[in-house]
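Each value in this text was obtained by applying a stated rule to the coordinates, not by laboratory testing. These figures come from a predicted structure and were not determined experimentally. Methodologically, a virtual Cβ is constructed for each residue, glycine included, from the backbone with ideal geometry; neighbour enumeration extends over all protein chains shown.
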Amino acid sequence: MAIQLGIIGGGFVAAFHVRASEAVRGLEIAALTSRTPPLGIAEEVTSKRLGDGVVYDSIEEMVENVDVVALFSPNFARIPAMEAIARAVEGGASLKALVCEKPLGRNMAEARRILQLAEQIGVPTSYFENQIHLPSLIAARTQLGAVADAMGPLGLARAAEEHAGPHNAWFWDPTQQGGGVLSDMGCHSIAVGWYMLTPVGKPADYLVPEKVTAQVGLLKWGQPKWRQELKDNFGVDYTKTPAEDFATGTVTFRDPETQKVSLAQFTVSWMYDKQGLRLLIDGLGPGYAMEVNSLRSPLELFIGDAAAAGVADAEVALEKATASQGLLTVQPDEPALYGYVDEQRDLVEAIEDGRPPLLDWSYGLEIVRLTMAAYMSAEQGRTVDLTDPSTLEELETYVPLIQQGRGGEVLDLVD
Ligand SMILES: NC(=O)c1ccc[n+]([C@@H]2O[C@H](COP(=O)([O-])OP(=O)(O)OC[C@H]3O[C@@H](n4cnc5c(N)ncnc54)[C@H](O)[C@@H]3O)[C@@H](O)[C@H]2O)c1
């Protein structure tokens, strides 16, 4: 019998995962629950025969009827959801695994509490970082494995994720989401850089992160015109609680066996006013290189001004697309392209084979640590040394000023 998945949350990412599940064997979308009943997604599930898609009123009730629970609700809702799952399991429900979308928590204290509840529940955990499962990244690593053995590993990885800004109000509110783009998307690009540099066959946390330097900026959405747009569209006031719309930095890693040092650069922005979401990933080794650009597609559409009367929803072409005329890049299978299909396959195989998934929640916690170190570096204008025990201790309770709603102290607003 296929693994029965229950989803908490009925928004963007839940819908993406439902689409991805069409290409995954051994997994069915058994149930959903959310703040408001996710009837539209449930209808999609049943009409495409992806599972029973039963909508439950509460997390507790759903947990009793599924094998695996996925946290696809907003970042601020993680702990209450985990507490509800723990109650259901204490009451006799039996699970095979827990899944959490990025980020595991908004800061270290929160991530530790989530991990502690997972340990109490006592089942394997899978941290969903889809970009590590990008088929093009996996193909590059497979192809270059022998080259790296002969020539030496990649010395530099660069990972960038950029689009024009999130689709829902809570993402823009740093106190709810955890920050701005560094919290939202830095976790992806930091993880990708770490994984690219990791020798094939070694665990995802094999390389030891030693130093983090980062910078954040509010380059577009702090300007009066764009601030007003945020207020009108999402009720978020960046004069009071601004968050960064750009972040960049470098993480230094050391190979614990060879002592070799490598660098991962990350860049993320919510001010990328081009076709839509772009993942740009490249790696440089001695005598070889790799590059992934998610905006390269074999399909281009052109819709001129004369034809623009017929344009539809821009996002039909590409996630976060903001234009529906001109030269459009179209990606017909985004769930596969971005790695959602393969991360679900990894979950299914892990459960069926009784092995750990590629990434677990302890790994998710390490990504939170690196993201917090990046905020600390940007806030304090220094390199954060992760080999220093007192810095590690400081990170345990650190909450970035931006996350506290005090971004005005570190970000420039234009009047
Ligand atoms: N892997 C990725 O690239 C990716 C992309 C988008 C979002 N995400 C992550 O997925 C999660 C959800 O993001 P989204 O884009 O779907 O957000 P969203 O705003 O589109 O949807 C959130 C859903 O959760 C529901 N919800 C709100 N409060 C809730 C609560 N207290 N309990 C249960 N449900 C609640 C909302 O009604 C909505 O259905 C976030 O953690 C986000 O970081 C990951």
Quiz prompt | Spherically averaged projected area of segment 208-294 from its Cα convex hull (nm²) | solution = 8.0
Quiz item: Among the aspartates and glutamates, which fall within straight-line cross-link reach of K225, defined as a Cα-Cα distance under 16 Å, with same-chain neighbours fewer than 8 residues apart omitted?
Solution: D237, D245, D273, D412, D415
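Hey, what did segment 55-185 get for relative contact order, percent, Cα under 8 Å, at least 6 apart?
That works out to 23 percent.
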Exercise. Sticking with the crude label model, points 7 Å out along Cα→Cβ, report the distance from E315 to T142 in nm, one decimal please.
Key: 3.2
Quiz item: What is the Cα convex hull volume of the chain when expressed per residue in Å³?
Solution: 151
Quiz item: Relative to a virtual label point 7 Å from the Cα of R35 in the Cα→beta-carbon direction, which members of segment 67-99 show backbone nitrogen distances below 14 Å?
Solution: 72-81
Quiz item: What is the fewest-to-most order of K202, K96, K225, K102 by other Cβ atoms lying within 10 Å of their Cβ?
Solution: K225, K202, K96, K102
Practice problem: Pull up all non-local amide H partners of I3: gap of 5 or more, or a different chain, and H-to-H distance under 5 Å with H placed in the peptide plane. | Solution: L27, E28
Quiz prompt | For segment 3-95, with +1 on Lys and Arg beta carbons and -1 on Asp and Glu, the positive-most of G51, V18, L39 along the dipole | solution = V18
Quiz item: With r defined as the distance between the Cβ atoms of L280 and E43 and R0 fixed at 25 Å, what FRET efficiency is calculated, to the nearest 0.05?
Solution: 0.10
Quiz item: Given springs between every Cα pair under 10 Å in a Gaussian network model of the chain, which of D305, D184, D245 has the largest fluctuation?
Solution: D305
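For each pair in K211/K274; K220/K274; K102/K211; K231/K320; K220/K240, compute the distance between the two Cα atoms and list the pairs where it is over 25 Å. Write out the running numbers ahead of the final one.
On the way: K211/K274 32 Å; K220/K274 14 Å; K102/K211 22 Å; K231/K320 19 Å; K220/K240 16 Å.
Check vs 25 Å cut-off fails for K211/K274.
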Quiz item: How large is ³J(HN,Hα), in whole Hz, for each residue of segment 58-73 in order, when computed from phi with the Karplus curve 6.51 cos²θ - 1.76 cosθ + 1.60 and θ = phi - 60°, using x for Gly and Pro?
Solution: 9, 5, 3, 5, 5, 4, 5, 10, 9, 8, 9, 10, 10, 8, 10, 9
Practice problem: Report the FRET efficiency, 1/(1 + (r/R0)^6), for K225 and R25, where r is their Cβ-Cβ distance and R0 is 60 Å, rounded to 0.05. | Solution: 0.75
Quiz item: So if we plug the beta-carbon distance of M1 and D415 into 1/(1 + (r/R0)^6) with R0 = 45 Å, what FRET efficiency do we get, rounded to 0.05?
Solution: 0.15
Exercise. Using just the helices of the chain, give the 222 nm mean residue ellipticity in deg cm²/dmol: DSSP H runs with n ≥ 4 each add -39,500 (n - 2.57), and the total is spread over all residues, rounded to 500.
Key: -10500 deg cm²/dmol
Quiz item: In nm², what is the average projected area of the convex hull enclosing the Cα atoms of segment 3-95?
Solution: 5.2
Self-check item: For M108, M151, M185, order by how many other beta-carbon atoms lie within 10 Å, fewest first
Solution: M151, M108, M185
Quiz item: Where does each of R227, R49 land when they are ranked from fewest to most other beta-carbon atoms within 10 angstrom?
Solution: R49, R227
Quiz item: Quick one: Karplus J couplings for segment 395-404, per residue in order, coefficients 6.51, -1.76, 1.60, θ = phi - 60°, nearest Hz, x for Gly and Pro?
Solution: 5, 4, 10, 6, 10, x, 4, 4, 5, 6
